[in-house]
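Written below as C-alpha cells is the structure these notes are about.
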Amino acid sequence: MSTEIRRAIYPGSFDPITNGHLDIIERGCKLFDEVVVAVLNNPDKNSLFSVDERLQMLREVLPKAEGCRIRVDSFQGLLVEYAAAQNARAIVRGIRAISDYEYELQMALMNRRLSPGLETIFLMSGETYSYISSRLVKQVFTLGGRIEGLVPPLVEERMREKLNK
Ligand code: PNS
C-alpha cells in the first residue's frame, strides 16, 4: 500500500477569504491528508489586499482540522507547475452555482491538457454560502452594507481598516 501523502492544492485569489472558502477547505480536508491553500500572486490583478496580507489573514482564520494538515502558500505562473512542484495529486475548486461551472470546466480542462495526471475535484459549497463571493463582499462592504456572517470577524476588521469604514 502507498504511504504517499494525499495532497491537494486549493488555489484562488482569496481577496479576501470568505466563509464560503472556509467551507470548501473543511470539505477538502475530509478527502485529503493535506490541503495547500495557494494564493495566486498576480501583479496584474487589482487586489484589495496584498498577497502577504492575504496569507496572514488565512493563517489566522484557518480551522484546525483534525486529521488533515492545512498549509498556506502563494504561487506565480502556471497552477499545474506549482501543483507538480508540491507533489499534489489534485486541485480542489468550489462550485456554488451552475454559473460557476462553465469557467471552472474551462480551467479544469485546460489544466488537464497541460497536466493529464492531475485531477480537478469540484466540491459543492454549503447552501448557506452559495451566493458569497469575495467580489460581492467587497462591493457590499464598500457601499456600507453588512457583511457579518459572510467572512470571519477578523477579515471584516481588516476590511474596515483597509477601507477606513
Ligand atoms: O479565486 P479565483 O480568482 O477564481 O482563482 C483563479 C485561479 C487562481 C485558480 C486561476 O486564475 C489560476 O489557476 N491561475 C494560474 C494561472 C494558470 O495556471 N492558468 C492556466 C489554467 S486555466
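Nothing in this text is a laboratory measurement; each read-out follows from the coordinates by a stated rule. What you see is a predicted model, and the numbers here were worked out from it, not measured in a lab. All Cβ positions, even for glycine, are placed from backbone atoms using ideal geometry, and neighbour counts span all protein chains on display.
Brief remarks follow.
- Cα radius of gyration and Dmax for the chain (Å): 15.8, 55
- In the chain, the DSSP-assigned H stretches of four residues or longer account for a calculated mean residue ellipticity at 222 nm of -12000 deg cm²/dmol, using -39500 (n - 2.57) per stretch and the full residue count as denominator.
- Length released on extending from MET124 to GLU102, taking residue separation times 0.36 nm less the Cα-Cα span: 6.5 nm
- Gyration tensor (alpha-carbon) shape descriptor, the range 1-64, a/c threshold 1.5: prolate
- Averaging the Cα positions of each part gives two centres, and for the range 1-37 and the range 38-110 these lie 8 Å apart.
- Dipole magnitude of the range 58-165, debye to nearest 20 (Cβ charges: Lys/Arg +1, Asp/Glu -1, about Cα centre): 200 debye
- For the range 37-165, share of DSSP beta bridges that run antiparallel, in % to the nearest 5: 0 percent
- Other residues within the sphere of radius under 12 Å centred on the Cβ of VAL140, judged by their own Cβ, net out at +2 (K and R +1, D and E -1).
- Cα gyration tensor shape of the range 42-104, rounded if a/c is under 1.5, else prolate or oblate by comparing a/b with b/c: rounded
- Using Cβ point charges alone (K and R +1, D and E -1), the dipole size of the range 1-90 about the Cα centre works out to roughly 240 debye.
- Of the residues MET57, SER47, VAL37, the one whose Cα sits farthest toward the positive end of the charge dipole of the range 11-72, with +1 on the Cβ of Lys and Arg and -1 on the Cβ of Asp and Glu, is VAL37.
- Neighbour net charge for ILE24 - beta-carbon separation under 10 angstrom, K R +1, D E -1: +1
- Net +/- balance of residues flanking ILE5 in space, Cβ distance below 14 Å, scoring K and R +1, D and E -1: +2
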